[in-house]
2 protein chains.
Amino acid sequence: MSDTPPDSVVRTYIDTHRAAFLDDLAEWLRIPSVSAQPEHAGDVRRSAEWLAAKLKETGFPVAEVWETPGAPAVYAHWPSEDPQAPTVLVYGHHDVQPAALADGWRTDPFEPVVQDGRMYGRGAADDKGQVFFHTLGVRAHLAATGAPAPAVHLKLIVEGEEESGSVHFRDLVEARAAELAADVVIVSDTGMWSETTPTVCTGMRGVADCEIDFQGPDQDIHSGAFGGAVPNPATVAARVVAALHDADGRVTIPGFYDGIADLTDAERALIAELPFDEAEWLRTAKSHATAGEAGYSTLERVWARPTAEVNGIGGGYQGPGGKTIVPASAHVKLSFRLVSGQDPYQVEVAVQEWVEGLVPAGIRHSITFGAPTRPCLTPLDHPALQSVVRSMGRAFGQKVRFTREGGSGPAADLQDVLGAPVLFLGISVPSDGWHAPNEKVELDLLLKGVETAAYLWGDLAATHRAPA
Amino acid sequence: MSDTPPDSVVRTYIDTHRAAFLDDLAEWLRIPSVSAQPEHAGDVRRSAEWLAAKLKETGFPVAEVWETPGAPAVYAHWPSEDPQAPTVLVYGHHDVQPAALADGWRTDPFEPVVQDGRMYGRGAADDKGQVFFHTLGVRAHLAATGAPAPAVHLKLIVEGEEESGSVHFRDLVEARAAELAADVVIVSDTGMWSETTPTVCTGMRGVADCEIDFQGPDQDIHSGAFGGAVPNPATVAARVVAALHDADGRVTIPGFYDGIADLTDAERALIAELPFDEAEWLRTAKSHATAGEAGYSTLERVWARPTAEVNGIGGGYQGPGGKTIVPASAHVKLSFRLVSGQDPYQVEVAVQEWVEGLVPAGIRHSITFGAPTRPCLTPLDHPALQSVVRSMGRAFGQKVRFTREGGSGPAADLQDVLGAPVLFLGISVPSDGWHAPNEKVELDLLLKGVETAAYLWGDLAATHRAPA
């Protein structure tokens with residue numbers, strides 16, 4: 001790849017600047033930017049301002065705090081000198097999950113500690129560490145090319161509400177679509193298979209969710225006097241949940257699978273290549289058996305197949321002991337993970353029609369959908385994906401394999417609004433403890449992230465030129 | 001019926017003593033004997049002492065307060081002079097439901113008001129009024145016979161915890177079984193079909209209830225990362241509830257219907273005789289459609305058929321909005337109304353085995369049963385039932401029809417422990433507002449209750465002689 005910087009220069013640059021880079025990251029981690037806790041609103045703002053200043057210092061000509069009705073985001077832009085260069089938008093977030101010593105932290109979650117090649121602290125992996133490797137990454141890239149600006153038009157959008165639902169993110173992206181416009185989106189908020197198996201994530205599932213409320217009698221009524229002679233809304237709620245799947249674990253909602261392409265043999269082979277250990281996976285899942293759609297492996301089920309799940313159900317008396325009533329109402333919360341080919345809005349219509357068919361006379365129901373998230377999936381032969389794989393391969397000196405994410409994220413909003421393919425570059429590993437006590441990042445992997453970013457801009461510039 | 005007192009003497013006696021009887025009842029209603037509210041414990045005791053004193057005054061040689069670990073009961077005994085006479089035990093309760101002006105009472109619930117031929121006040125119908133008609137009833141009976149003691153050995157047991165679950169009643173009955181021993185139990189704690197259709201209740205359903213807890217993952221887990229690949233305990237809970245009934249509304253638990261005799265044509269005809277208005281029944285049920293076991297009418301469903309009902313269900317996230325989790329746990333509360341022929345303990349075993357068959361690998365479950373209540377049903381040709389029907393017919397001057405109760409009550413404990421048939425003598429009507437604001441009793445009906453009791457002891461003595 002002609003335009004990519006020589007590896008030795010990159011590595012030397014990273015070695016030289018490693019200590020300062022880690023000091024800076026530690027400084028950022030000291031800011032408890034917990035977006036879910038109102039008392040930390042000032043810290044989230046401080047985190048945004050700190051990052052904007054740091055990006056200025058890194059060399060980004062534009063680095064500013066963007067207001068939202070909630071927590072502020074940070075936007076930065078470093079144009080390439082080549083007007084034909086592709087535009088890359090990096091996504092991450094600067095807010096973190098709540099953390100307190102009492103939760104089981106061995107050290108203060110907001111006083112980072114480096115030990116055994118790891119940095120411990122809230123946000124070390126999710127997501128400050130993974131945002132921050134782009135600062136040293138772009139500098140290493142410039143060191144190798146000798147150019148004053150990156151080989152791509154490099155943009156960053158670092159939101160401040162990811163850990164509290166990204167509630168204002170889509171609006172922000174829509175309002176700022178012109179500034180955020182990009183040919184490729186790189187999301188640095190995921191991870192790899194393991195310390196020893198570097199991987200690139202090629203997609204996330206979408207999600208549609210709803211609450212269905214069922215109303216029966218006008219109030220709880222006596223089950224002795226009336227039970228067995230009037231419809232029970234909790235029974236109807238249960239029937240809806242029970243009817244979601246057939247005996248093979250397939251979702252029974254007519255039209256649910258419309259538009260989905262079967263997994264190809266090649267895709268299945270790539271998933272099967274990963275060193276999957278079911279017992280270990282179950283430990284991570286804190287579960288005691290696998291289950292699911294017949295004919296698919298566990299990884300296929302969570303990465304590549306759509307699912308229907310009941311997230312909550314409630315109705316009638318839930319206190320201690322018994323209460324002989326026919327409940328007045330019941331409700332269920334359902335969510336559907338969606339894969340490439342599925343349209344969340346079509347799924348919503350299908351769910352609505354299917355539920356209507358299950359509700360008997362005497363029960364009223366209403367259904368409320370949350371804002372859906374579309375699935376995103378990068379084709380394996382996409383040139384930008386190949387750039388990421390090559391850059392990671394150079395940094396790690398290992399074959400890079402492919403994963404997907406079972407979850408859903410604001411990445412899909414970027415794909416949706418900006419119309420750009422979304423790629424994932426993350427170096428976190430499952431043991432990093434996202435959202436858990438003693439979150440850490442492996443420093444070796446963090447610096448491989450820096451190195452990958454350093455190679456990536458050159459590689460992308462070479463393979464992914466914008467139309468003239 | 002030879003030994004029954006002449007009707008005119010009874011009526012004259014009642015007319016003469018009516019005012020004093022109502023004054024006494026009002027005095028009793030002023031005692032707020034709310035057993036469910038600890039702050040009224042003293043009032044419940046005062047109510048018991050008031051009643052015991054009043055029964056002494058009425059002429060019962062034995063009238064005493066019986067302690068329980070909870071609220072006290074009242075026991076009274078007035079032996080007949082004829083040692084061959086049958087022993088009758090009347091059951092009622094002196095505690096009442098909570099009541100407060102703020103609930104929608106037009107007058108103070110504990111300051112009884114007589115208006116338009118009704119006495120308003122908490123407990124007027126449930127159950128003080130219906131206990132109290134036995135005091136004037138036995139005096140009218142004696143006035144007519146001229147004897148110093150009733151024609152039957154007359155016992156009363158008036159408990160003080162019926163409105164808070166009769167938690168100590170069965171223990172009390174077991175401990176005092178020798179004193180409570182009777183040939184016939186008369187329960188005065190039910191009602192009639194309506195003001196214009198006097199009826200005798202011939203049975204109550206039994207009840208068995210359980211809570212089933214389902215445990216899946218060790219904690220709530222991410223539905224994106226793991227959903228669709230591990231079993232969801234809320235899905236299992238829903239499947240258990242959904243599987244309770246088949247498409248015909250029949251309970252699917254193997255063995256559930258074992259031992260039940262089909263309704264005879266005669267029994268169905270008696271139920272069909274009642275002036276049933278579905279729209280009015282639905283208003284009372286605060287429900288918007290009838291539903292249930294195919295092939296049975298609404299009254300047959302609630303009176304004469306066993307049912308399975310979900311009283312509560314819960315699991316996962318039940319707050320506002322969505323939360324994409326696979327819940328760690330879920331639970332359901334089920335209750336089963338039982339009819340004559342069903343054994344609650346066999347039903348419990350059947351439920352347990354059936355649930356086991358529905359729980360997949362990876363889900364643990366536990367099932368906890370409450371104390372069951374047996375069903376009771378008096379055969380239509382039982383001589384004591386015929387006595388009640390005849391006595392009511394004389395008092396009301398109308399054909400007396402038959403009802404059942406869909407609910408379950410401590411009456412079954414008396415049947416169970418004492419081995420005596422349980423009969424029901426109640427004059428309350430659906431409009432009396434049990435457990436509701438503005439509870440009242442119709443004074444005309446209350447005095448018909450007095451009159452019925454006055455005839456009943458003679459009738460029972462004549463038809464239901466104890467073995468020599």
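The values are calculated or read from the model by the stated rules, or taken from the named source; none is laboratory data. Just so it is clear, the structure is predicted and the values come from calculations on it, not from any experiment. Because the Cβ atoms are built from the backbone with ideal geometry, glycine has one as well, and the counts that use them run over all protein chains shown. Surface accessibility is based on the protein's heavy atoms, side chains included, excluding ligands, DNA and RNA. Shrake-Rupley method; radii C 1.70, N 1.55, O 1.52, S 1.80 Å.
Observations on the model:
- Selection status of B:T16, of a type in the set (V, I, T) and modelled with pLDDT under 95: no
Table: residues versus (1) over 16 Å from the mean Cα position of the chain (by Cα); (2) assigned to a strand (DSSP E or B).
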position: A:S166; (1), (2): no, no
position: A:V185; (1), (2): no, yes
position: A:G203; (1), (2): no, yes
position: A:A208; (1), (2): no, yes
position: A:D213; (1), (2): yes, yes
position: A:A225; (1), (2): yes, no
position: A:T235; (1), (2): yes, no
position: A:R239; (1), (2): yes, no
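- The residues of region B:321-336 that are facing chain A (nearest Cβ under 8 Å), among the polar types (S, T, N, Q) and assigned to a strand (DSSP E or B) amount to a single one, B:S335.
- For A:H134, the conditions (1) in contact with a Ser or Thr (Cβ under 6 Å, 6 or more places away or on another chain); (2) touching a residue at least 40 places away in the same chain (Cβ under 8 Å) are fulfilled apart from (1).
- Contact annotation: residue pairs with Cβ atoms under 9 Å, 6 or more positions apart or on different chains, pairing a residue in region A:209-234 that is facing chain B (nearest Cβ under 7 Å) with a partner that is aromatic (F, W, Y) and open to solvent by less than 40 Å² (accessible area, probe 1.4 Å), are A:D209/A:F336; A:P217/A:F226; A:F226/B:W281; A:A229/B:W281; A:A234/A:F214.
- Meets criteria (out of contact with any strand residue (DSSP E or B) (no Cβ under 9 Å at 6 or more places or on another chain), closer than 15 Å to A:H245 by Cα and more than 8 Å from chain B (Cβ to nearest Cβ)) for A:G295: yes
- As a summary of the residue check, A:S408 satisfies the conditions (1) in a helix (DSSP H, G or I); (2) under 19 Å from B:G224 (Cβ atoms) except for the one numbered (1).
- Residue check, A:G449 free of Cβ contacts under 8 Å to residues at least 40 places away in the same chain and small (G, A, S): no
- In region A:211-224, the qualifying residues are those that are surrounded by fewer than 23 Cβ atoms within 10 Å (Cβ to Cβ) and farther than 16 Å from A:R239 by Cα, and the one that is modelled with the highest pLDDT is A:D218.
- Residue check for A:A371: closer than 30 Å to A:L263 by Cα, within 12 Å of chain B (Cβ to nearest Cβ) and assigned to a loop (DSSP other than H, G, I, E, B): yes
- Filtered residues of region A:337-351 (kept if in contact with a strand residue (DSSP E or B) (Cβ under 6 Å, 6 or more places away or on another chain), more than 8 Å from chain B (Cβ to nearest Cβ) and either open to solvent by less than 30 Å² (accessible area, probe 1.4 Å) or in a helix (DSSP H, G or I) (or both)): A:L338, A:P344, A:V347, A:E348
- Qualifying residue in region A:384-405 (condition: assigned to a loop (DSSP other than H, G, I, E, B) and within 13 Å of another protein chain (Cβ to nearest Cβ)): no
- Among the residues of region B:350-363, those identified as over 22 Å from B:P217 (Cβ atoms) and touching a residue at least 40 places away in the same chain (Cβ under 8 Å) are B:A350, B:V351, B:E353, B:W354.
- Restricting region B:363-387 to residues that are open to solvent by less than 30 Å² (accessible area, probe 1.4 Å) and out of contact with any Gly (no Cβ under 7 Å at 6 or more places or on another chain), the residue that is farthest from B:G409 (Cα to Cα): B:S387
- Taking the criterion of being of a type outside the set (G, A, S) and open to solvent by 20 Å² or more (accessible area, probe 1.4 Å), the residues of region B:159-183 that qualify are B:E162, B:E163, B:V167, B:H168, B:R170, B:D171, B:E174, B:R176, B:E179, B:D183.
- Candidates A:G206, A:G228 - the one that is touching a strand residue (DSSP E or B) at 6+ places or on another chain (Cβ under 6 Å) and under 30 Å from B:H288 (Cβ atoms): A:G228
Residue by residue, here is whether (1) among the aliphatic types (A, V, I, L, M); (2) modelled with pLDDT of 95 or more; (3) under 20 Å from A:H134 (Cβ atoms); (4) open to solvent by less than 10 Å² (accessible area, probe 1.4 Å) holds:
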site	(1), (2), (3), (4)
A:M392	yes, yes, yes, yes
A:A395	yes, yes, yes, yes
A:K399	no, yes, no, no
A:A412	yes, no, no, yes
A:D416	no, no, no, no
A:G426	no, yes, yes, yes
A:H435	no, no, no, no
A:E439	no, yes, yes, yes
